[in-house]
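Here is the structure we will look at, set down as structure tokens.
A short reminder: the numbers here are calculations on the coordinates, not readings from a lab. The model shown is predicted, which means the values in this text are computed figures rather than measured ones. Reconstructed Cβ throughout: ideal geometry from the backbone, glycine too, with neighbour counts over all protein chains shown.
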Amino acid sequence: MAASKPKRQRAQPAKPPKAPSISDAEWVVMKVVWDKGIVTANQVVGTLERKMRWKPKTIHTLLRRLAQKGALAYDKIGREFHYRSLVDADHCTHAASRSFLNRFFGGHLAPFLAGFLEREKLSPAEIEELRRILDEKRP
């Protein structure tokens with residue numbers, strides 16, 4: 001029997017797509033895909049079934065939702081689905097951070113940082129790292 005040709009869901013876009021809204025459970029799935037690059041549905045199930053104690057059907061539903069949202073694309077090769085990310089992890093993290101700031105702090109970073117730092121104990125190394133980051137941002 002001849003090997004099946006892969007069927008593509010969609011072509012890779014030229015520019016990065018807008019980061020989709022991703023639920024907490026979907027983030028867990030995306031982390032597996034980001035860590036492995038291209039991964040079969042069975043590999044995702046194997047990883048998360050042990051780690052999260054989720055049922056395979058739940059994991060397949062999350063994969064399908066992420067593909068519908070444009071976060072994942074897949075190739076069907078024979079009976080296996082091979083998933084790959086269409087969105088960069090850093091891009092999604094930044095979009096989620098920006099969404100958080102918009103919802104809770106009117107999009108302003110300073111009130112968030114001030115409130116957070118008032119309640120957190122930072123080590124001297126963490127303080128120095130924050131200074132370095134801020135100095136690099138200074139015009």
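Data for the structure
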| quantity | calculated |
| --- | --- |
| Candidates PRO20, PRO56, PRO111: whichever shows maximal mean-square fluctuation once the chain is modelled as a Gaussian network with Cα springs under 10 Å | PRO111 |
| On Cα atoms only, tilt of 24-36 relative to the major axis of the chain in degrees | 70 degrees |
| Per principal axis, descending, Cα span of segment 90-139 in whole Å | 30, 26, 21 |
| Two-site FRET efficiency, ALA125 against HIS91, from Cβ-Cβ distance with R₀ of 30 Å, rounded to 0.05 | 0.60 |
| Three principal axis lengths of the chain [C-alpha, angstrom, descending] | 65, 37, 28 |
| Segment 44-79: trypsin sites (Lys or Arg not before Pro) in DSSP coil with no more than 16 other Cβ atoms inside 10 Å | ARG53, ARG79 |
| Residue-by-residue Karplus 3J(HN,Hα) for segment 58-71, coefficients 6.51, -1.76, 1.60, Hz, glycine and proline x | 4, 5, 4, 5, 5, 4, 4, 4, 5, 5, 5, 7, x, 7 |
| Angle between the chain longest axis and helix 41-51 axis [Cα atoms, degrees, rounded to 10] | 50 degrees |
| Separation of the GLU80 and LYS51 label points, Cα + 7 Å toward Cβ, nm | 1.9 nm |
